[in-house]
Amino acid sequence: MAREQDRRSILRGMKGAMRLLQDLGYDQGEKRKQRVDVFDSIDRAGAALMFQPLEKLLGAFMSQDGTAGIILNTERPLGMQRFTAAHELGHLTLGHDPHADDEGILRRGPIADGRAFAKIPPEEREADAFASYFLLPSHLITAQMEIQGWGVHHFSSPEIVYQASLRFGTSYSGAVFGLERENVIGSGLRRELLKAKPKDLKLGLLDDQALPNPRRSDVWMLTEKDEGAVIEAGRDDLFLLRLNEATGAGYIWTFDQLREAGFVILKDGREPVPEGQIGSPSVRRVLAQAGRPTANTLQLKECRPWDPEDDPQTLTLHYRTATSDEAGLFERQRLERLAVQ
Ligand SMILES: [Zn+2]
């Protein structure tokens, strides 16, 4: 395939993604700031969504007599399932033929180095370009940079790119490629960032605590900047809350709501105050894990224990567990089918 034709495929995929994001309202209001709910998007695009264990395949797109369906492998981490789901949604949206995908779709990346693109069919390039734009549109990068106060220079840190990837809802490498596509970083930095291993970035946040599930667990670092965020997490994810605490004035954060919502607190402490900075707020550091899948609005509170209503600070998080590791129909479609029986 000529380079020119490859460019056309990429453009076609991106445009398809842009159109669907607009149709689903993802480019507006609060939705601009949130990770794109790709499973919900498949449902709203009118296709059945199935989860099931598959040996080598990541997923497949099927279509027969006007009925479309997408199957995803339950045996893969959420980030990989989300990319596969978006890739199959690309095949559906762009009117491609039914088709199954193996791990090749993860290895090739959106940038074709050398002549590698010549070996990839145009429909696959279109679906890849669709997936990478659909999951990480330019408005989501801009919105998260504003919310978190990230400037371009912050993205030279793999730790920050990893935290960004969780908010974007992409894999670490997906975030790196998306930042390059939007010219936030250049190709030299892309190559540097891709040398970092996500597993090391996770363990770096944990002070010797083991990951509950080395393949699936992510580690979210949450701060006051995540106020109002929608946290769609895997069931084995960990949450490191780093919150400023005005201990000098008697204020402390309480985590009762977290426990009531079924979270287990694995660690609770304060970071040492740097030398020469006595009087500055201390940083509370709490590591938590959801004990069971849940969907909850959590409101954490920093107050004076003897006068809880005096000028409390709050942190509100909308949390839900993404259960994509159980075989069966997508939850909403299962419920709808039960309702019509
Ligand atoms: Zn494909």
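Laid out as a table, the results:
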| item | result |
| --- | --- |
| Sequence-separation-based contact order of the stretch 152-311, relative, with Cα cut under 8 Å and 6+ spacing, percent | 18 |
| Highest average packing first - 284-296, 190-202, Cβ atoms within 10 Å | 284-296, 190-202 |
| Space enclosed by the convex hull of the alpha-carbon atoms of the chain, per residue, Å³ | 158 |
| For the stretch 190-341, alpha-carbon Rg and Dmax in angstrom | 18.5, 69 |
| Gaussian network model of the chain, Cα within-10 Å springs - most flexible of Gly66, Gly13, Gly149 | Gly66 |
| Rh by Kirkwood over Cα pairs, then Stokes-Einstein D for the stretch 148-247 at 0.692 mPa s and 37 °C, µm²/s | 228 |
| Alpha-carbon centroid distance for the pair the stretch 228-252 / the stretch 148-165, whole angstrom | 19 |
| For the chain, calculated [θ]222 nm from helices alone, where every DSSP H run of n ≥ 4 adds -39500 (n - 2.57) | -10500 deg cm²/dmol |
| Longest to shortest principal axis, alpha-carbon extents of the stretch 140-196, angstrom | 26, 19, 18 |
| Cα gyration tensor shape of the stretch 3-135, rounded if a/c is under 1.5, else prolate or oblate by comparing a/b with b/c | rounded |
| Trypsin sites (Lys or Arg not before Pro) within the stretch 12-91: DSSP coil, no more than 11 neighbouring Cβ in 10 Å | Lys56 |
| Debye, to nearest 20: dipole size of the stretch 3-135, +1 on Lys, Arg Cβ, -1 on Asp, Glu Cβ | 580 |
| The chain, relative contact order [Cα under 8 Å, separation at least 6], % | 17 |
| Acute angle (nearest 10 degrees) that the helix 78-93 long axis makes with the longest principal axis of the chain, alpha-carbon atoms | 40 |
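Readers should treat all values here as calculations from the given coordinates under stated rules, not as data from a laboratory. Values in this document were obtained by computation on a predicted structure and should not be read as measured data. Here Cβ is always computed from backbone atoms with ideal geometry, including for glycine, and neighbour counts include all displayed protein chains.
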